[in-house]
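Down below is the structure, laid out as structure tokens.
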Amino acid sequence: MYLLPQPKKLVFTEEICYLAYNRKIQISESCAPESWHHAALLQKEMEQYAGCRPEIVRGHSACAGVVLEVQPADDEESYEIVISQQGVHITGAGTKGLLYGIQTFRQIIRQEGAVLPGMYLWDAPDMKNRGYYHDVTRGRIPTLEYLKHLADTLSFYKMNQLQLYIEHTYLFEGLSEMWRDDTPLTAEDILELDAYCRNLGIDLVPSLSCFGHLYKLLRTKTYSHLCELPDPEKEPFGFYSRMCHHTLNVTDEESLNLVMKLCEEYMALFTSRYFNIGADETFDLGKGASKETAEKVGTDRLYIDFVKKVCEFIVSKGKIPMFWGDIICSFPQFIHELPKETICLNWGYMPDQSEDSIRKLAQAGAVQYVCPGVSGWNQFINQLEDAYENIRRMCAYGRKYHAVGVLNTDWGDYGHVNHPEFSIPGMIYGASLSWNSEELSFQEMNRRISVVEYMDHSERFVGIGADMAKNTIFSWHRAVIYQEVLEYNAEVYEWDRKALEFEEGLDERLAAANQKLEAQKKELALCVRSMDSSVRRKAAAYQIAADGILIFNQIGLALMGKIKKEEIWELASWLETWYAQYKKLWRSVSREAELYRISHVMFWYADMLRELAK
């Protein structure tokens, strides 16, 4: 039996507990009213996996088979489970502790059914704040149904915070010029999701770009004059440009007034006491409209003064400001100029990520979260091995330097092409390693996730997906840069121009990778028969994504002249036929959003391939 996160103490006994249809779920009088929602989760799980649907009662019942109780203790998220022949007793130190005990018991039922081994289990988290950061702005906007599903999954693995990243994908009043070609989230969406998350013990935190990464806002005719660099509205759209430019000119007082207006409108929708202002990757600061001021006072002073003003505004509204720590790492001594409540979100996504920035900000006195990532950006399938190593290191650094939280990030650079469910294993890595410092190996973690999340008795599902991702050679990142440079001569940094070059031996690597992918697709098909019927459909998404990797690897070979012309023509048709299936997968969990931008890239390649085949 596998439990994720691993509990701190688990002792089995020789007793056996039989769950019966005529025993009840008893909510003790010590429990808060919201415990009814949590008991209902358990009731549904028992109906599906134990074959019985016990009635829920409150108070005392002589027929109780599962007793839910709260006994206050220092850590309100701690809990214990006792399973004996008399029944099941779940005790939480608070409402959240009881919820987490129920979530663990759901995992037990999912694997053991109606006949449970006797046990004593006690558990509590290492890290107080365990969050997930979801990009809903750079191409993909999930449906409200999927966001609720994500909240269900986060709670199941004892995560207690969800942040939604917004640049332009909320329907701000008076800003139709910014979101008119999108399918933005509405106030009703946010309010409904906020209430849904609260019932699951999740704090839904707003995150709004307030400095850099204001691509669509600063390309409007109304606000383009506030951009650091001139005439942004005259440039063609580019995935690459969106990531690198479009910083506010903070020397214009109108910039601060605009940011405060947006923050005030957006924060009103959330019950969270936190507000993330972004403020990362302000690459253009001091290079355009603010250049003269930057030469006098320095870009560090320009940066910290603006962040301070925005943070002070957030505090004045009764909220706790958060901001990304990548810029202030260059001048950590300025951290003390920000309001004392401010939390620095210190990110780093490399598998061999060093602890330097975390140590540096800790020494400067910053209150910080460590922020690893699930490595799905610019990928058809998440690079899970990189994600695991990154998350493992960052959680360890967080404990070492007394971070107050872990925020595991899921970005959507270049259109967010990866299916959102592919990030779930990486999310579980973060949930497990922030809750319990005892580390499992990458392979062991994947085996356990295969069983608990995907109900795969062969324990191979997640490992196969991770192996598929390793065969990404002609990546989406490379494909987009190649397309944008050739189509409209996009300006890219020198280190990214290598996407236009084909290194020696690349053709052999591409061919070998595709051979492996074909074999892995068969492995996955065989794995499906070991999975519960309720989750088998998830394998189809991996098959679609694997074909996406195959196709773009083949495109790489075509560009190198390593494929016959008739095969290139067939490749163009394969790309278009495959993309029709990809669009169905997209629409199953996401709004239309910027799917049309991904379509542009796909069809550019199909047309280009036919030109090559002539």
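What a 1.4 Å probe finds exposed on the range 425-515 is 45% carbon and sulfur by accessible area, rounded to a whole percent. First measure r as the distance between the Cβ atoms of residue 86 and residue 114, then evaluate 1/(1 + (r/R0)^6) with R0 = 25 Å and state the FRET efficiency to the nearest 0.05. Using R0 = 25 Å, I get an efficiency of 0.95. Our note on the geometry: Cα centres of the range 230-252 and the range 488-503, 19 Å apart.
Rounded to the nearest 10 degrees, the angle from helix 384-400 to the longest Cα principal axis of the chain is 70 degrees. For residue 614, the lysines whose Cα falls under 21 Å of its own Cα, not counting residues fewer than eight places away in the same chain, are 562, 564, 565. If you average the sequence gap of Cα pairs under 8 Å that are 6 or more apart and divide by the length of the range 489-614, what percent do you get for the contact order? Relative contact order of the range 489-614: 28 percent. The distance between label points at residue 599 and residue 301 comes to 5.1 nm (points 7 Å beyond Cα on the Cα→Cβ vector). Peptides 559-572, 117-130 ranked from most to least packed by the mean count of surrounding Cβ atoms within 10 Å: 117-130, 559-572.
Please work out the FRET efficiency for the pair residue 562 and residue 363, using the Cβ-Cβ distance as r and a Förster radius of 56 Å; give the result to the nearest 0.05.
Details: r = 53 Å, r/R0 = 0.94.
The value I calculate is 0.60.
Spin-label model, residue 273 to residue 578: label points 7 Å out along the Cα-to-beta-carbon direction sit 5.0 nm apart. Amide H contacts of residue 227 (H built 1.01 Å from N, in plane; Pro and chain starts excluded): 249 sit under 5 Å, all sequence-distant by 5 or more or on other chains. I'm spelling it out carefully: the read-out is Cα Rg over 2.2 N^0.38 Å, the candidates are (1) 1.09; (2) 1.21; (3) 1.01, and one was derived from this structure. Which label? Correct label, based on the coordinates given: (3). Taking Cα atoms only, the orientation of helix 565-589 departs from the longest principal axis of the chain by about 50 degrees.
Run the numbers for residue 29 and residue 221: contour at 0.36 nm per residue of separation, minus the present Cα-Cα distance, in nm.
Numbers: separation 192, 0.36 × 192 = 69.12 nm, distance 5.95 nm.
Extending this stretch completely gives an extra 63.2 nm.
Each Lys and Arg Cβ is given +1 and each Asp and Glu Cβ -1; about its Cα centre, the range 390-532 then shows a dipole of about 600 debye. The modelled label-to-label distance between residue 256 and residue 287, using points 7 Å beyond Cα along the C-beta direction, is 2.5 nm.
Exceeding 22 Å between C-alpha atoms, which entries from my cross-link table qualify? They are 360/470; 128/317; 234/287; 287/317. It would help to have the intermediate numbers written out before the result.
Numbers: 360/470 33 Å; 128/317 24 Å; 234/287 19 Å; 287/317 32 Å.
Table pairs above 22 Å Cα-Cα are 360/470; 128/317; 287/317.
Normalised by the number of residues in the range 429-470, the mean separation of alpha-carbon contacts (under 8 Å, six or more apart) gives a relative contact order of 28 percent. Overall, the chain carries a charge dipole of about 1040 debye about its Cα centre when +1 sits on the Cβ of Lys and Arg and -1 on the Cβ of Asp and Glu, all other atoms neutral.
Neighbours of residue 312 by Cβ distance under 12 Å: Lys/Arg scored +1, Asp/Glu scored -1, total +2. Report the paramagnetic label zone for residue 439: residues of the range 125-158 whose backbone N is under 19 Å from a point 7 Å from Cα along the Cα-to-Cβ axis. Zone members listed by number: 126-127. The angle between the Cα long axis of helix 506-528 and the longest principal axis of the Cα atoms of the chain comes to about 30 degrees, rounded to the nearest 10. Computed extension gain for residue 534 through residue 336, at 0.36 nm per residue and net of the alpha carbon distance, reaches 66.1 nm. For the chain, the solvent-accessible area of protein heavy atoms averages 39 Å² per residue (probe radius 1.4 Å; ligands and nucleic acids excluded). Surface composition of the range 284-338: carbon plus sulfur atoms hold 47% of the accessible area, using a 1.4 angstrom probe and ignoring ligands, DNA and RNA. Farthest toward the positive end of the dipole of the chain, out of 608, 196, 408, is the Cα of 196, where the dipole comes from beta carbon charges about the Cα centre.
For residue 44, a cut-off of 24 angstrom between C-alpha atoms picks up these lysines, skipping any fewer than 8 places away in its own chain: 24, 96, 148, 158, 538. Under 12 Å of direct C-alpha separation, and excluding same-chain neighbours fewer than eight residues apart, residue 309 reaches these aspartates and glutamates: 253, 337.
Expressed as a whole percentage, what fraction of the accessible surface of the range 53-177 belongs to carbon and sulfur atoms when a 1.4 Å probe is rolled over the protein heavy atoms? With neighbouring chains kept in place, the figure for the range 53-177 is 47 percent.
Which order do peptides 264-273, 19-28, 133-142, 529-538 fall in by mean Cβ count within 10 Å, highest first? Could the numbers behind the result be given before it?
Numbers: 264-273: 15.7, 19-28: 18.9, 133-142: 24.8, 529-538: 13.8.
Per-residue mean Cβ counts within 10 Å order the peptides as 133-142, 19-28, 264-273, 529-538.
At a Förster radius of 30 Å, what calculated FRET efficiency corresponds to the Cβ-Cβ distance of residue 44 and residue 192, to the nearest 0.05? Efficiency for this residue pair is about 0.90. Calculated mean residue ellipticity at 222 nm for the chain: -14000 deg cm²/dmol, from DSSP H runs with n ≥ 4 weighted as -39500 (n - 2.57), summed, divided by the residue count and rounded to 500.
The values are calculated or read from the model by the stated rules, or taken from the named source; none is laboratory data. What you see is a predicted model; the values in this text were computed from it and never measured. Cβ: placed from backbone, ideal geometry, glycine included. Neighbour counts: every protein chain shown. Remember, those area values only see protein heavy atoms, side chains included, never the ligands or the DNA or RNA. Shrake-Rupley method; radii C 1.70, N 1.55, O 1.52, S 1.80 Å.
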